[in-house]
Amino acid sequence: MTQIRPYYAPPAPPARRASRRVREAVAVSVIFLIAGVAIGGGYLLANGQGLPFHQLFTLGQPTPIPAMHPLEALIRIQQLDPSAAVSVSSSISDEVDLITTNSRDTGSTLTAQQQTQILSLYLRGYSKQTFWRWRDTYTLSNETDVYEVRSAELWVITTLPRACSLTWTIYRITPSTLITRGTAGNDDYTQGTESHPGVGLPPNGSKPC
């Protein structure tokens, strides 16, 4: 009698581990290649003068001076000018003016360095504006100094009611430069800055007396 042997299916062939390892090696190589291109491209953009977006990268450059909370800016302005009352005024929705009122002196005793430091703090505290105005008033004489910061100019307007005089000077300086000089503490807006006296009608309809 013929003996029937049980049928066993042959085992499945082993997975092609070598092929999988090759694919994994290729994938890792591609990842490293992409990372290398990204790092190299970023470095080239950051350090290549004249290339597009150079200013957007700060690799190896000083850290930009950050903005600050408005209240902190006002507190530090008060410390710079302790004899004045410090406040703000919002004449329009997207602009906050800085107001300092001095009831002791008849005119400004602030140095150009102190004025630059105050402007720097004001700009950092209200960094989202495109125009800034600081009004510094002395009640004993009604003298008023107004500092108007524009995109590329600083206007310093001085009104002397007793002399029926109004003068203003225009300095070619940007807000970012004012911030940098004010933060440094030993520079002011006048140093090496092109300037010229204002002529014609008084700015913003101001009157000398």
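Taking the fewest neighbouring Cβ atoms within 10 Å as the starting point, the ordered list for Asp94, Asp145 is Asp94, Asp145. 3J(HN,Hα) couplings calculated from phi for the stretch 182-190 with the Karplus curve 6.51 cos²θ - 1.76 cosθ + 1.60 (θ = phi - 60°) are, in sequence order, x, 6, 4, x, 10, 10, 9, 6, 8 Hz; Gly and Pro show x.
Phi-derived couplings, Karplus 6.51 cos²θ - 1.76 cosθ + 1.60 at θ = phi - 60°, listed residue by residue for the stretch 99-110: 10, 10, 10, 10, 9, 9, 9, 8, x, 5, 10, 6 Hz, with x used for Gly and Pro.
Where a number appears in this text, it was derived from the coordinates with a stated rule and is not lab data. The structure displayed is predicted, hence computed values, not measured ones. Don't worry about glycine lacking a Cβ; one is built from the backbone with ideal geometry, like all the others, and counts go over all protein chains shown.
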